[in-house]
1. Being in contact (Cβ under 8 Å) with a residue 40 or more places away in the chain, on the phi < 0 side of the Ramachandran plot and in contact with a Ser or Thr (Cβ under 6 Å, 6 or more places away or on another chain), is that true of even one residue in the range 168-183?
2. Regarding C163, is this residue touching a residue at least 12 places away in the same chain (Cβ under 8 Å), in a strand (DSSP E or B) and either more than 23 Å from the chain's Cα centre (by Cα) or not assigned by TED's automatic domain parsing to the domain that holds Y113 (or both)?
3. Please specify each residue of the range 132-154 satisfying the condition of being over 15 Å from D112 (Cβ atoms), not aliphatic (A, V, I, L, M) and not in a strand (DSSP E or B).
4. Out of I31, I64, I80, I need the residue that is part of a strand (DSSP E or B) and more than 22 Å from the chain's Cα centre (by Cα). Which one?
5. Can you tell me which condition Y159 does not meet? The list is (1) out of contact with any helix residue (DSSP H, G or I) (no Cβ under 8 Å at 6 or more places or on another chain); (2) surrounded by fewer than 17 Cβ atoms within 10 Å (Cβ to Cβ); (3) modelled with pLDDT of 95 or more; (4) more than 17 Å from S235 (Cβ to Cβ), and all the others hold.
6. Determine whether C96 is surrounded by 12 or more Cβ atoms within 10 Å (Cβ to Cβ), under 23 Å from L176 (Cα atoms) and touching a residue at least 60 places away in the same chain (Cβ under 8 Å).
7. Six or more apart or on different chains, Cβ under 8 Å: which pairs go from a residue in the range 144-159 that's free of Cβ contacts under 8 Å to residues at least 60 places away in the same chain to one that's among the aromatic types (F, W, Y) and surrounded by 13 or more Cβ atoms within 10 Å (Cβ to Cβ)? Could you list them?
Amino acid sequence: MIDRTRLTAHIKDDELRRVVFNVIDKAQAVIKTHDTKTTDFLNPYELKSSVGVLNSLRGEISYITYGGYEGAERNCISIIPWYAHQESIGEMPIRCIEVNGSFKFSEISHRDYLGALMGLGIKREKIGDILVHENKCHIVVKKEICDYVVSSFTEVAKYKVSCRVIEIDSIIIPQLESRQKKFTVASNRLDCILAGVYNISRGDAARLIEGEHVKVDFEPVSSPSKAVCEGCVVSVRGKGRFRIEEFGDVTKKGRMFMIANILI
């Protein structure tokens, strides 16, 4: 038996530990039955921890990750016997649904689509990436809920919509709009950077962090002093997200130049 407690001893987040326990249980089932097992969709934080544990089981199992297209944010893991070829998995158990509507002059957002799906009683882990375009949207879902979504998903933000299944390789990846912001910070502490990006005080930034409204690379963060680095993606509830592009030179006053890309 796989020792779940030992493999997850480093995980302090109870919800993350629950997710990783589920992945370990699937790996245990693969070892026992020699059948492929597939997880639901995982966010990057969950995926990183799950893959770390699965890597420690190399020699007993193998695995692949996929989210419907290269660079997908949310991914599933298919776990297979160590001796099996990845091609033996066959068809991936995910589907893409195209949602079409006429939204006139309204801007329908990712949150609108997700909220409508959740309103149907669908669990978040059954839904992959939601790719929003003008008057349509591509939604990656687990195969088992595909028919239900197509037949039941008829309205978004009070607008009528229609759904159809499209091929996974027909997914269109939208060009994300962002604006670049250059400023200086006292350090690479999270509260300093939030204050600079959003033009708020460090006290207000600290309260957002301590109130568990902030994630760094999808990991919940509660410490204002957490150090962040180039490439980190920071999301703030109610404000959106930004990516730290570069830390630059230090000014004569000891402040660092930095560049952030704020998603619009």
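The values are calculated or read from the model by the stated rules, or taken from the named source; none is laboratory data. All figures in this text were calculated on a predicted structure; none of them were measured in a lab. All Cβ positions, even for glycine, are placed from backbone atoms using ideal geometry, and neighbour counts span all protein chains on display.
1. No: the range 168-183 contains no residue that is in contact (Cβ under 8 Å) with a residue 40 or more places away in the chain, on the phi < 0 side of the Ramachandran plot and in contact with a Ser or Thr (Cβ under 6 Å, 6 or more places away or on another chain).
2. Details: touching a residue at least 12 places away in the same chain (Cβ under 8 Å): yes; in a strand (DSSP E or B): yes; either more than 23 Å from the chain's Cα centre (by Cα) or not assigned by TED's automatic domain parsing to the domain that holds Y113 (or both): yes.
Yes: the conditions hold for C163.
3. K143, E144, C146, D147, Y148, S151, S152
4. Exactly one of I31, I64, I80 is part of a strand (DSSP E or B) and more than 22 Å from the chain's Cα centre (by Cα), namely I80.
5. So Y159 meets the others, but not (3).
6. yes
7. Qualifying pairs under 8 Å: V156/Y113; A157/F103; Y159/F103.
Listed here are the residues, each with its yes/no results for (1) modelled with pLDDT under 95; (2) assigned to a helix (DSSP H, G or I); (3) surrounded by fewer than 19 Cβ atoms within 10 Å (Cβ to Cβ); (4) of a type in the set (S, T, N, Q).
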{"position": "T5", "(1), (2), (3), (4)": "yes, yes, yes, yes"}
{"position": "I11", "(1), (2), (3), (4)": "yes, no, yes, no"}
{"position": "V23", "(1), (2), (3), (4)": "no, yes, no, no"}
{"position": "K26", "(1), (2), (3), (4)": "no, yes, no, no"}
{"position": "D35", "(1), (2), (3), (4)": "yes, no, yes, no"}
